[in-house]
Amino acid sequence: MIEKIKKNYFLIIGTFLFLYFFFNLLDGERGLISLLKKQNLLEKLQDEEKKLKLKIENLEMKNSLLNENIDKDYSEILIREKFLYTRKGEKIYVLKNEN
């Protein structure tokens, strides 16, 4: 038995080294699976960053309309939306989306 091990010593060591590197290539902290997870997370975070940048731009635009030089049309739109304000004689039409 020991003689067989001595004959196949390099084969056994080579097999264990191959298995070790193979499992670390796939699984480890810097492995292929971890790389794919991190790339997926990076894509999600980039999408979220784009959404937040658009939201910030929208808020900055709205804020610019409400600074010292007040835009009367925009303030009227806000009052009508928030307080459901109407003038005398105006009709309100509500459109329902059937989707």
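Each value in this text was obtained by applying a stated rule to the coordinates, not by laboratory testing. Since this is a predicted model, take the numbers as computed values, not measurements. Cβ: placed from backbone, ideal geometry, glycine included. Neighbour counts: every protein chain shown.
One table, with the values for the structure above:
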item: Charge tally in the Cβ shell below 14 Å around residue 46, where Lys, Arg are +1 and Asp, Glu are -1, residue 46 excluded; result: +1
item: The chain: most fluctuating residue of 88, 37, 55 per GNM, C-alpha cutoff 10 Å; result: 88
item: Listed residue (17, 59, 2) projecting farthest to the positive dipole end of region 2-68, Cβ model; result: 2
item: Modelled label reach - residue 25, point 7 Å along Cα→Cβ, region 1-17 residues with backbone N closer than 14 Å; result: 15-17
item: Residue-averaged 222 nm ellipticity for the chain, from DSSP H runs of 4+ at -39500 (n - 2.57), nearest 500; result: -24000 deg cm²/dmol
item: Sum of side-chain charges, residue 29 neighbourhood, beta-carbon under 15 Å (Lys, Arg +1; Asp, Glu -1); result: +2
item: For residue 12, net neighbour charge (Lys/Arg +1, Asp/Glu -1) across residues whose Cβ lies under 13 Å away; result: +3
item: Under 18 Å, Cα to Cα: Lys pairs in region 2-68, sequence gap 8 or more or different chains; result: 4
item: At least 18 Å along the helix axis (C-alpha) and Kyte average at least 0.5, DSSP helices within the chain; result: 9-26
item: Rg(Cα) / (2.2 N^0.38 Å) computed for the chain, rounded to two decimals; result: 2.61
item: The chain, dipole about Cα centre (Lys/Arg Cβ +1, Asp/Glu Cβ -1), debye to the nearest 20; result: 380 debye
